[in-house]
1. At 20 °C and 1.002 mPa s, what whole-number value in µm²/s does Stokes-Einstein give for the translational diffusion of the stretch 111-215, with Rh from the Kirkwood sum over Cα pairs?
2. Report the extension gain between GLU120 and GLU303 in nm, rounded to one decimal, defined as 0.36 nm multiplied by the number of residues separating them, less their alpha carbon distance.
3. Could you check the spin-label model distance between THR355 and LYS144? Points 7 Å from the Cα along Cα→Cβ, value in nm.
4. Within the chain, what percent of beta bridges assigned by DSSP are antiparallel, to the nearest 5?
5. In angstroms, what radius of gyration and Dmax does the chain have, counting Cα atoms only?
6. Tell me the mean residue ellipticity at 222 nm calculated for the chain from its helices only (DSSP H runs of n ≥ 4, each -39500 (n - 2.57), averaged over every residue, nearest 500).
7. Anyone know which of THR29, THR234, THR41 comes out most mobile in the 10 Å Cα GNM of the chain?
8. Over 5 Å intervals from 0, what percent of Cα-Cα pairs in the stretch 96-142 sits in each interval?
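Here, each number is a calculation from the coordinates, and none is a lab measurement. All values derive from a computational prediction rather than experimental measurement. Here the Cβ positions follow ideal geometry from the backbone for every residue, glycine too, while neighbour counts run over all protein chains shown.
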Amino acid sequence: MRAMQDTLSSPSRATGERASHEEQDPAVTGRPVISASGLFTPSESISNEELVASFNTYVDRFNSANAAAIEAGEVDALTHSSVEFIEKASGITARHVMSKAPILDPEIMAPRLEDRPNDEPSIMAEIGVIAARQALERAGRDAKDVDAVLCAASNMQRAYPAMAIEIQHALGIEGFGFDMNVACSSATFGIQTAADYVRAGHARSVLVVSPEITSGHLNWRDRDSHFIFGDVATAVLIEDAAIAPNAHWEILGTRLKTVFSNNIRNNFGFLNRAHPESAGDPDKLFIQEGRKVFKEVVPMVAEMIVEEAHRLDLDPAGLRRLWLHQANAGMNRLIAQRVLGHEANDDESPTVLDTYGNTSSAGSIIAFHLHSEDLVSGDTGLICSFGAGYSAGTVFVRKGG
Ligand code: COA
C-alpha cells in the first residue's frame, strides 16, 4: 500500500477540481466517501418472450421424449412458463447476458464461455476492469493512487489467484486485493470493508468491484427461477474524504447482518465434481424457496434499515432515495413502504429490475449508478442489499459538494 506521508499543498478543494496525487492532503480524515461508481452492461439481452419461447420448447421436447413414462406415472410432465407470470411475480422484463445464444438453445440452456489460456484476462476480471476504469475516470483518479481492490461477487470463476488480484494487476495498482463472497450482499459488505480500511487509516482509496456473471449459476431449466438473473459488472470507489473529488457521497454509516438460512442455496463447489453442463445437476445450481425468502427477508431488512437510520439520527421517512437490492419489485415496494411510511414512487425507489433482472450484489449499485446524479448536496439516501445467507447490508450516504 502506498505510504501515507505525501506532502500537503492544497488545504481545501471547494472549487470542485481534484487535487493531483502530489498535491493531496496527507491528513487522512478517516471519513470514507463514495467518490464514483462504474457500470459494465453486456451488449446482449434476453427478453421474457425469447426466454419463455426457449423454455417452452424445452418443456415440449422433454414431455414428448418422455411421453410413455409420463403416461405411466413414472415421470412428472413439465409445465410451460409464462411471460405474464414472470412480469407480475418479479417485475423483470429482460436481462443482459454474456452468452445469449446457448442460453436460448433448448438443447443447451446454459452460457458457453470459452476457456481462456492463463495468459489472457479471465472474463470476470475483464468486465470488472471495464466497470472499475469507468469509476476511476469519473472520480478523476489515477489507478496508481488506489491502495486496494476488493472483488465482491456471488460466484467466482476460480479458486485462485483471486480475481481481485488479477483486476489489480490489469489496472496497474500497487497494494493488495482479495475476493469476498457474501452472495447478493457482496457489494455492500465490500463497501463496509473498504470504508473500514479508510476509517482505520489502512487505505485512502479502495475499489470494490462486482463482476456478476450470474447466468453461470442459474438453472435455466427451472420454471420457478429461470427468469431471475442477469449479468453485469459494477465498481465503487471508496476514498478518504481528504482526497475525494468534490462531487462525492459521504458514507454516514454502514451496517451488516447475516442470519443462516437454506432458503437460497448453491451447492456448487471445489469439493464436488458437479458442473453446470447442459444436463446440469440442479443441486449444484441456484435454488430457492422464493416465497419464504420474500416473507422472511422483507421484515428483516425493513427493521434493519429503520434501526440503523435511528442510530445515525436520521429520519427514515426523510431519505431522499432508496437504492434497494434488485431481486423482486414486490419486495422493494414493501420494504420502501415500511421505511418511508408511504408507497414509494420510482423517483424515491428506482428500479433497474425491468431491464437488468436480478444481478445479485450489483443490483443496488446499478440503481445508485444510474439514478443518483440528480440529487443535490445534502440529500441523504440508502444503498441496501439482501440475499442468500441470509445476508443484508446498508450504506447510508449524503451527497457532498
Ligand atoms: N411461469 C408460470 N407460472 C409459474 C412460473 C413460471 N415461470 N413459476 C412458478 N409459477 C406458478 C407456480 O407453479 C405457482 O402456481 P400454483 O399457485 O398454481 O401452485 C404460482 O406460479 C406461484 O408460484 P410462487 O413460486 O409462489 O411465485 P411467487 O409469486 O412467490 O414468485 C418469485 C416467485 C421467485 C418471483 C418470488 O417468490 C421472489 O422473487 N421471491 C424473492 C426471491 C429473492 O429475493 N431471492 C433472492 C435471490 S438472490
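1. 155
2. 61.3 nm
3. If labels sit at THR355 and LYS144, their model points lie 3.7 nm apart.
4. 75
5. 21.8, 83
6. One gets -9500 deg cm²/dmol as the mean residue ellipticity at 222 nm.
7. Ranking THR29, THR234, THR41 by mean-square fluctuation puts THR29 first.
8. 5, 18, 17, 16, 16, 13, 8, 4, 2, 1
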